[in-house]
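The values are calculated or read from the model by the stated rules, or taken from the named source; none is laboratory data. What you see is a predicted model, and the numbers here were worked out from it, not measured in a lab. Here the Cβ is made from the backbone with ideal geometry for all residues, glycine too, and neighbour counts use every protein chain on show. Only protein heavy atoms, including side chains, enter the accessible area calculation; ligands, DNA and RNA are left aside. Shrake-Rupley method; radii C 1.70, N 1.55, O 1.52, S 1.80 Å.
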Amino acid sequence: MSILSESEFLLIISPFKDKMFRIARRILVSVEEAEDATQEVVLKLWSNRHKLSDYKNPEAYAVTMIKNWCYDKLKSKHTQNIKIVHNNYEDHSQSLQKSIEVNDSLRWVGFHMDSLPATQKLVLQLRDIEHFEFSEIASMLDMNETAIRVALSRARKIIREKLTHTHNYGIK
Amino acid sequence: MELNKIEDLLEKYNEGVTSLTEEAQLRSYFSQETVPPHLESYKQLFSYFDLDAKQFLPTTIKVGAKNPKKIRWYASAAAALVILFTAFMSITTQKDNLTLSEDELYAYNETLKAFQLISNNMNKSNEALNSLNLISSSIEKGKNKIAMLEKFNISTNKIFKLKTK
């Protein structure tokens with residue numbers, strides 16, 4: 001079997017490198033850390049490129065990898081208490097600044113989505129933003145499809161409930 | 001699409017049972033400018049999803065070159081190595097100084113003596129320079145006195161001229 005060249009490899013990953021970045025940013029919140037995560041995981045994929053063409057769905061494989069990488073990153077952050085406090089502070093100001101440019105009401109959606117439990121947040125990202133099939137999400141997160149649907153339904157309902165609350169807040 | 005069909009789809013959507021195609025229909029419906037007021041929160045939701053899906057990786061991916069973060073790490077490691085090396089060298093050379101042989105000690109003391117001699121002579125010549133300074137200031141005083149004499153001279157000349165007239 002022939003080993004992929006650099007350009008062939010980049011051609012394979014280019015359709016989903018942005019998805020990887022968005023998923024990383026959803027988990028890690030910080031844009032910079034998400035960039036680093038994407039770069040690191042792409043390098044991992046590159047060093048395992050002989051395997052990449054074996055996978056039926058390299059995209060789903062890449063998403064699984066970046067998800068695991070980001071969760072590991074979060075775990076290692078929890079062990080470094082001082083660092084996580086500092087990063088949290090930075091991240092919030094950054095995401096806030098970024099979204100102020102955007103419509104104010106959309107900012108709330110992002111805020112509510114970020115405050116969802118980890119699994120619900122990720123399922124919502126994978127389905128409603130990245131448009132993956134339930135079977136794909138199930139294999140990425142190592143969960144069954146029913147559990148995925150339940151998490152998704154909860155996430156969608158919670159966000160809308162919070163949105164109607166914030167929407168009515170000024171009126172009532 | 002009629003409103004009641006959208007509402008049916010939204011109900012399915014909330015239960016997590018819509019297909020990707022149905023969700024695409026919902027997205028396209030909510031991408032229009034105005035929706036009925038009771039569906040406003042759905043519009044917010046779907047607009048946010050559309051917006052987020054347009055966020056792209058800001059940096060370009062490189063696989064041939066080494067990760068810049070790793071390069072930075074190597075650079076700091078190299079810098080630390082250089083510092084350790086210089087520290088090591090300075091410590092070892094200091095140890096050499098402490099263990100001088102007799103000849104070296106003698107040479108060292110002789111050099112010190114020579115330096116002291118030079119420094120003493122320097123001080124002496126400095127004193128000589130001081131006396132020169134003293135002379136220079138006396139000369140300055142003398143100059144002033146001469147200037148006064150000259151003034152006196154001019155005045156006497158004037159008197160003489162007056163007298164001859």
Looking at the range A:30-45, which residues lose a minimum of 20 Å² of accessible area between their chain alone and all protein chains in place, measuring with a 1.4 Å probe and not counting ligands or nucleic acids? A:Glu35, A:Asp36, A:Gln39, A:Glu40, A:Val42, A:Leu43
Can you work out the accessible area per residue across the protein assembly as shown, with the rest of the protein chains kept in place, probe 1.4 Å, in square angstrom? 67
For the protein assembly as shown, the accessible surface attributable to carbon and sulfur atoms (probe 1.4 angstrom, ligands and nucleic acids excluded) amounts in percent to 59
I'd like the Karplus ³J(HN,Hα) series for the range A:122-138: coefficients 6.51, -1.76, 1.60, θ = phi - 60°, whole numbers in Hz, and an x wherever there's a Gly or Pro. 5, 4, 4, 4, 5, 8, 8, 10, 9, 6, 8, 6, 4, 5, 5, 4, 4
Quick one: buried accessible area between B and A, total over both chains, 1.4 angstrom probe, nearest 100 Å²? 3500
Given R₀ = 35 Å, what would the calculated FRET efficiency be for A:Ser47 paired with A:His165, taking r from the Cβ atoms and rounding to 0.05? 0.15
Compare the peptides B:104-111, A:55-62 by average per-residue count of other Cβ atoms within 10 angstrom and give them in order, highest first. A:55-62, B:104-111
Rg to Rh, two decimals, where the range B:80-165 supplies the alpha carbon set and Rh follows Kirkwood: 1.64
Using only the alpha carbon atoms of the range A:1-77, find the Kirkwood hydrodynamic radius as the inverse mean reciprocal pair distance, in angstroms to one decimal. 12.6
Kindly identify residues of the range A:129-143 having a loss of at least 20 Å² in accessible area between the isolated chain and the assembly of all protein chains, probe radius 1.4 Å. A:Ile129, A:His131, A:Glu133
Between the Cα axis of helix B:3-14 and the main Cα principal axis of chain B, the angle (0 to 90°, nearest 10) is 70
I'd like the Karplus ³J(HN,Hα) series for the range B:45-53: coefficients 6.51, -1.76, 1.60, θ = phi - 60°, whole numbers in Hz, and an x wherever there's a Gly or Pro. 4, 6, 5, 5, 4, 4, 5, 5, 5
Taking every pair of Cα atoms in the range B:1-56, average 1/r, invert it to obtain the Kirkwood radius, and report Rg/Rh to two decimals. 0.95
For chain B, take the alpha-carbon Rg, divide it by the Kirkwood Rh, and send me Rg/Rh. 1.71
Debye log10 I(q)/I(0) for the protein assembly as shown, one point scatterer per Cα, at q = 0.06, 0.08 Å⁻¹: -0.45, -0.58
Quick tally, 1.4 Å probe accessible area for A:His165, A:His112, sorted with the most first, runs A:His165, A:His112
Quick check: pseudo-label points 7 Å beyond the Cα along Cα→Cβ at B:Glu140 and A:Ser105, how many nm apart are they? 8.9
State, to one decimal in nm, how far the label point of B:Ser19 lies from the label point of B:Val82, with both points 7 Å from Cα in the Cβ direction. 6.5
